[in-house]
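Since the structure comes first, as structure tokens, the remarks are kept for the end.
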Amino acid sequence: MVCAGLALPGTLFSQSTPDRLAAMRQQMGAAPLKTLKLSDNINMLYGPGGNMAALSGPDGHVLVDSSVAAVAPKILETLRGFADKPLRVLINTHWHFDHTDGNGVLHEAGALIIAHENTRKRLSTPQEIKVMGLHFDPSPDSFLPQQTFRDSHELFFNKETMALGHFAPAHTDTDIYIHYRNANVLHVGDLWFNGVYPLIDGSSGGNIGGMVAAADVALKLADSQTKIVPGHGPLGDKAALERYRDMLATVRDRVSKLKREGKSLEESIAAKPTADLDATWNKGGIKADQFVTLAYTTL
């Protein structure tokens, strides 16, 4: 199974163009919405934007992430197929638009939006994803979380306990996980780009050291049977997340060494510190030299 992840433009790391965000929204909105059953009442929704998860049952639906606005009607239709109940709660794993752009439509459909307090702060103020050359004006009130938390939060729906926890700054400073304790399912958002080099948004407080630390937190929550939903890429497990964590730590250590030795960014890129890793990981929107740049500039 292959999930269409964050569609990164060929002009990554270049200056912003007015129509780039619209083009990305259109590209993601055109992707088919697919589903994968994770347990009796939890399904993964994937294809456009970031991976989502839906807990469904007599209490209604609890959805993790909202993709882009054009996908929101398809999300609501898909949820009705799981259970003829209303969407009660929407949880945002972080602030990025491919996970929150559908907030307004889903809130209008009745969802209470819950997220980390930093997600509300970032959505309510002008933001830049500098690495992608994207600018965002403050979101309308309907997009903003109505309930926030700082460290942890719990929800109880459909005989499931959902434990929400904040990662220290990693992909951004807004990242959370959602642990479905009874079903042994873990959604880690964009902490994990499964199978590829990840995007690290330094302009939102992200850093490669935090990515390693967040992976360590997630691994402690998982066992060999845990189904782990990444922000992008196919459903994974603890062994796959461990391999990803080790890759992150290896790149962090190698680039840190180059930086301590006084190497410039250009010299560090030229040293090819990911050369032996590229056959496995250099398959996504973030290419090897770009990932070295992200590591170097967030150390």
**Asked** In debye to the nearest 20, how big a dipole does region 20-246 give about its Cα centre with +1 on each Lys and Arg Cβ and -1 on each Asp and Glu Cβ?
**Response** 280
**Request:** Using the structure shown, select from LYS37/LYS159; LYS85/LYS159; LYS74/LYS227 the pairs with a Cα to Cα distance greater than 19 angstrom.
**Result:** LYS74/LYS227
**Asked** Pick from LEU134, LEU63, LEU186: which is most flexible by mean-square fluctuation in a GNM of the chain where alpha carbon atoms under 10 Å apart are linked?
**Response** LEU134
**Prompt:** For the chain, what is the percent of antiparallel DSSP beta bridges, rounded to the nearest 5?
**Reply:** 65
**Message:** Given an 8 Å cut-off on Cα distances and at least 6 residues of separation, report the relative contact order of the chain as a percent.
**Reply:** 15
**Prompt:** Of (i) 56; (ii) 29; (iii) 39, which one was derived for percent of Cα pairs over 29 Å apart from the structure shown?
**Reply:** (ii)
**Karplus (6.51, -1.76, 1.60) ³J(HN,Hα), θ = phi - 60°, over region 139-148, in Hz, Gly and Pro reported as x** = 6, x, 4, 5, 8, 7, x, 8, 9, 10
**Asked** Most mobile of ASP137, ASP98, ASP19 per a Gaussian network model of the chain (Cα springs, under 10 Å)?
**Response** ASP19
**Request:** Determine which lysines satisfy two conditions relative to LYS130: a Cα distance under 28 Å, and not lying fewer than 8 residues away in the same chain.
**Result:** LYS121, LYS257, LYS259, LYS263, LYS272, LYS283, LYS287
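Rule-based calculations on the coordinates, nothing more; no lab input. Since the structure is predicted, the reported quantities are computational estimates derived from the model, not experimental observations. Reconstructed Cβ throughout: ideal geometry from the backbone, glycine too, with neighbour counts over all protein chains shown.
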